[in-house]
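A.B. asks: One structure coming up, written as structure tokens, with questions to follow.
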Amino acid sequence: MPPFLARLLFGDKAAPRIRSRGANAIVGLPDRVLMAQAYIPAFAADGGRILAVGVRAYNLEDHAPLQAQGAELWTTDIDPRAARWGIAGRHRTGDACDLDTVFGDMTFDAVLCNGVLGHGVDAPDQQRRTLDGIAAILRPGGRLLLGWNTGRIDDPVAAGLTRAFRSEPYAGHPERVQFDTVDHVYDLMVRVGPTS
């Protein structure tokens, strides 16, 4: 049964049963476990309007916990077929490099951009455009979770691509979290001012 049909028939609680084997493997990685156990609950508790950039089957079980306390979750992906994993009625198809255009009519309290840089948004100029676009739609003081892989791109923070943000600990974890068994990195930041 296709995932979108299973969700329609059985709801979001069916997500673990309808994911592919590959998606199930991703959910079990230490970075995704930390996301599920610490970051998702913290963003949900903060509430407000949240944007998840990039959606796939393994993101399905993030939706309900993010919205459980009243947060308004929006999703986006460049692939029109990914809309089936987004939030019905609150999903926009568009390029992460153009978020300020795709969501130019909105402001967000938090943005989750996990696994996008280095997975399609590869060149430093693309990364800069994506991070500047996030800054343009994220309110001052709004939070950004930026997840990326050391094996795919150079450090975007060290490269100065996060100039509109300051690093800040979040959800009981330091501003940067790295893992021993995977090359994933989480950088937690707060929007501090306009892009230039």
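A.B. asks: Show the residue pairs meeting these rules: Cβ distance below 7 Å; 6+ apart or different chains; first residue within the stretch 55-74 and at pLDDT 90 or above; second residue surrounded by fewer than 19 Cβ atoms within 10 Å (Cβ to Cβ) and in a helix (DSSP H, G or I).
C.D. replies: Sorted first by the residue in the stretch 55-74, then by its partner, the pairs are 55/82; 63/12; 64/12; 65/41; 69/45; 73/67.
A.B. asks: Moving to a separate point now. Residue 126 - would you say it is within 25 Å of residue 169 (Cα to Cα) and more than 14 Å from the chain's Cα centre (by Cα)? Walk me through how you get there before you give the answer.
C.D. replies: Numbers: within 25 Å of residue 169 (Cα to Cα): no; more than 14 Å from the chain's Cα centre (by Cα): yes.
Answer is no for this residue.
A.B. asks: Also, I was wondering about something else. Among (1) touching a residue at least 40 places away in the same chain (Cβ under 8 Å); (2) within 16 Å of the chain's Cα centre (by Cα); (3) open to solvent by 60 Å² or more (accessible area, probe 1.4 Å), which single condition is residue 140 missing?
C.D. replies: Looking at each condition in turn, residue 140 falls short on (2).
A.B. asks: Are any of the residues in the stretch 118-129 open to solvent by 70 Å² or more (accessible area, probe 1.4 Å), within 22 Å of residue 35 (Cβ to Cβ) and without any contact (Cβ under 8 Å) to a residue 24 or more places away in the chain?
C.D. replies: no
A.B. asks: List pairs: first in the stretch 77-101 and free of Cβ contacts under 8 Å to residues at least 60 places away in the same chain, second among the hydroxyl-bearing types (Ser, Thr, Tyr) and open to solvent by 30 Å² or more (accessible area, probe 1.4 Å), Cβ under 8 Å, 6+ apart or cross-chain?
C.D. replies: Close Cβ pairs (under 8 Å, with a partner that is among the hydroxyl-bearing types (Ser, Thr, Tyr) and open to solvent by 30 Å² or more (accessible area, probe 1.4 Å)) amount to 77/93; 78/93; 79/93; 80/93; 82/93; 83/93; 94/101.
A.B. asks: Additional query: Please specify each residue of the stretch 143-196 satisfying the condition of being open to solvent by 40 Å² or more (accessible area, probe 1.4 Å) and part of a strand (DSSP E or B).
C.D. replies: Answer for the stretch 143-196, where residues must be open to solvent by 40 Å² or more (accessible area, probe 1.4 Å) and part of a strand (DSSP E or B): 143, 166, 167, 173, 176, 178.
The values are calculated or read from the model by the stated rules, or taken from the named source; none is laboratory data. Because the structure is a prediction, the values reported are computed rather than measured. Neighbour counts are summed over all protein chains in view; Cβ atoms, including those assigned to glycine, are modelled from backbone coordinates with ideal geometry. Accessible surface areas use protein heavy atoms only, side chains included; no ligands, DNA or RNA. Shrake-Rupley method; radii C 1.70, N 1.55, O 1.52, S 1.80 Å.
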